[in-house]
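The values are calculated or read from the model by the stated rules, or taken from the named source; none is laboratory data. Values in this document were obtained by computation on a predicted structure and should not be read as measured data. So basically every Cβ, Gly included, is an ideal-geometry build from the backbone, and we count neighbours across all protein chains shown. For accessibility, only protein heavy atoms count, side chains too; no ligands or nucleic acids. Shrake-Rupley method; radii C 1.70, N 1.55, O 1.52, S 1.80 Å.
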Amino acid sequence: MKVRNILFFLLLLFLFEGVSAQDYLLIRKNGSTRRYEYRVGDYFVYKQKGSKEFFKDRITEFVDSTIVMENNIILIEQVAEVDVQNATTNRAEILRAAERVLPTAGYGLLALDLFNNTVVSGNEFSFDKGTTISAAALVGTGYAMKAFRRKRVDLTNEKFEAYIVSR
């Protein structure tokens, strides 16, 4: 009975490995650990060499060094720039969450203080200096994190590379 269970477990393990193996497009900066990944089904926003506008298309397949999309087929060498805002990245999840949570927390803090000061305490409508500074710091930090995050990768620059990883 134990041998049967072990064989069944090994069979499931090998089946899972075959199912989970999927090709993906990897974009990274040389000498850095930061990476951006695109898998089949992801939207790919890119600019072709010689073009001035960005195109958005859904990836359907990767073949050698070719990206097959719903409306286009393109070689990786033809891609000049990639918008990586919606790519899967290894950037810390807490930083991605902070971009969304900090401005919301700042506006919420300011709203709660105004409500407490005017409705609950019965004072005139006014901003408390300390709370306003704290709320502005939260909002400003959240928006600054979003502003300084990398949004586009220029693949014509030799510091960046893009290739398809086959498993």
Neighbours of residue 64 by Cβ distance under 12 Å: Lys/Arg at +1, Asp/Glu at -1, summed charge -3
Taking the Cβ-Cβ separation of residue 8 and residue 40 as r and a Förster radius of 41 Å, what is the calculated FRET efficiency to the nearest 0.05?
-> 0.85
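Using a 1.4 Å probe on the protein chains only, how many percent of the accessible area of the range 1-139 belongs to carbon and sulfur? Can you show the working numbers first?
Working: 5590 of 9370 Å².
Reported share for carbon and sulfur atoms: 60 percent.
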What does the charge add up to near residue 54, with Lys and Arg as +1, Asp and Glu as -1, over the other residues with Cβ less than 11 Å from its Cβ?
-> 0
With the Cα gyration tensor of the range 1-112 in hand, give its eigenvalues times 5 under a square root as the equivalent ellipsoid semi-axes, listed largest first in whole angstrom.
-> 34, 28, 13
When the distances between all Cα atoms of the range 51-167 are binned every 5 Å from zero, what whole-number percent does each bin get?
-> 2, 9, 13, 14, 12, 10, 9, 7, 6, 6, 5, 4, 2, 0
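So between residue 131 and residue 148, what do we pick up on full extension, going 0.36 nm a residue minus the alpha carbon distance?
Details: separation 17, 0.36 × 17 = 6.12 nm, distance 2.56 nm.
Result for the pair: 3.6 nm of gain on full extension.
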Whole-number accessible area per residue in Å² for the chain, which is evaluated in the context of all protein chains at 1.4 Å | 68
Note, the range 78-88: 3J(HN,Hα) by Karplus (6.51, -1.76, 1.60, θ = phi - 60°), whole Hz, Gly/Pro = x, goes 7, 7, 8, 8, 10, 8, 9, 5, 10, 7, 6
Between residue 124 and residue 75, what length comes free when the chain is fully extended (0.36 nm per residue of separation minus the Cα-Cα distance, one decimal in nm)?
-> 11.2 nm
